[in-house]
Amino acid sequence: MKLDVNALRYLSKDDFRVLTAVEMGMRNHEIVPTELVDRIASLKHGGTYKVLKNLLKHKLLHHDSSKYDGFRLTYLGYDFLAIKTMVNRGVFAAVGRQIGVGKESDIFEVATEDGTILAMKLHRLGRVSFRAVKSKRDYLRHRTSYNWLYLSRLAALKEFAFMKALGEHDFPVPRAVDCNRHCVIMSLVQGYPLVQVKQLQNPDMVFERILGLVVRLAEHGLIHCDFNEFNIMIDDDEKVTMIDFPQMVSVDHRNAQMYFDRDVECVFKFFRKRFNLSFEESPDDIDGSEVETDENGRPCFSSIAKGAGSLDKELAASGFSRKDQEDIEKLIEGEKDADWDDEESEDVGHSSNSELNESYISGVDSLHLLEQQEQSSDCDKEGRVEKNQQNSE
Ligand code: ADP
Ligand code: MG
């Protein structure tokens, strides 16, 4: 998705006030009635209407008059709110080119004041229309009006909390810098997704290292659940970094065995196909530690899970509750069933990667402050995630 942050420079304090008013209204309205926006924003002399027109022009809002006259945020509008908050906090000062696009996210480079480049992941968990999901299942009953806002934010919170905890336990993951709304800021990983790597100096060693990660995660009580060549980065020294954590589950999950085996199988399959590894000898020494394997040489989930640590429980206690976890799991299962229906595509438009190669936008830091509360981080020093906004229902 194109993220033209140029408009950010020209948006006034009133523009952001109205944009925030729509966001607030979306806590309990799918389409926020225009009068309600006006009431929340409480600008003088009916200024809201003029501002709404401007925001509409910049595709930050979507106008809907089918049932009543009202507005909702577009992805771009939500992106702007998160970006502005981060800029105000001094997390970064400029947005650069897009470096990744997934079904559920867009990744950009961002630059700090001192020129350090970080990665910004904008979660798009609602990219698949929730209407399709909703008609099939009855979950998220109480939050249907702001599904994509709520769920993209939940995915970001989860990713940040997991990245931080995994980093603290010496897993090779990006450094978790900050999060706000649906946006996670992390260190930029040098290297490429494994899927792009055609040759390795030492495929056996890399294979063991990667398989070792799946095993070590399980030993800590966790399963990645999307552990494949797209979510493993590898640098020139063949050092491995894993990314993309919104779908992780505990080894206590009812389908844990299946998820674990699937992650393991992914690694075997990829290395067999891409690097012709034969696996004739079972890897009983995986990344330096002894692991029980089954008759096919696959690490044995039940024996690992028996002695598993409790990182899953630490995370559950860190502010990412069981309820949050359940919501996100249901959503991910639901998305797999749902048809593609990108309702935002009309609003913000899709473009090829080359078009997304935008020049750095500096001067974003001259933007006005949003709200006092936006100054502090959503995630405190312990990585605890503050519960606010849409989660309070
Ligand atoms: P998704 O959930 O959409 O799959 P990912 O977190 O897997 O999102 O990121 C998509 C792509 O963006 C990755 O395959 C990778 O190429 C790139 N990417 C993600 N995070 C980083 C990072 N921290 N540094 C460098 N590239 C990254
Ligand atoms: Mg991914």
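Since every read-out is calculated from the coordinates, none of them should be taken as a lab result. All figures in this text were calculated on a predicted structure; none of them were measured in a lab. Counting neighbours? That spans all protein chains shown, and the Cβs are built from the backbone with ideal geometry, glycine included.
Past the 28 Å Cα-Cα mark, which pairs from Lys57/Lys121; Lys84/Lys158; Lys198/Lys313; Lys13/Lys121; Lys164/Lys198; Lys103/Lys323? In this structure, Lys198/Lys313; Lys164/Lys198 exceed 28 Å between Cα atoms. Fully extending the segment from His63 to Asn202 would add 44.5 nm, taking 0.36 nm per residue of separation and subtracting the current Cα-Cα distance.
Relative intensity of the range 31-93 on a log10 scale, I(q)/I(0) at q = 0.28, 0.30 Å⁻¹, equals -1.16, -1.21, per a Debye sum over C-alpha point scatterers of equal strength in the absence of solvent. For the range 192-316, the equivalent ellipsoid derived from the Cα gyration tensor has semi-axes of 23, 17, 12 Å, listed largest first. Spin-label model, Glu30 to Glu265: label points 7 Å out along the Cα-to-beta-carbon direction sit 3.7 nm apart. Per-residue extension of 0.36 nm, minus the Cα-Cα distance of Lys50 and Ile117, leaves a gain of 20.4 nm for this segment. Let me make sure I get this right: for the range 1-73, a, b and c are the square roots of the gyration tensor eigenvalues over alpha carbons, sorted descending. Under 1.5 in a/c it's rounded, otherwise prolate if a/b > b/c, else oblate. Which is it? Judged from the Cα gyration tensor, the range 1-73 comes out oblate (a/c at least 1.5, b/c at or above a/b).
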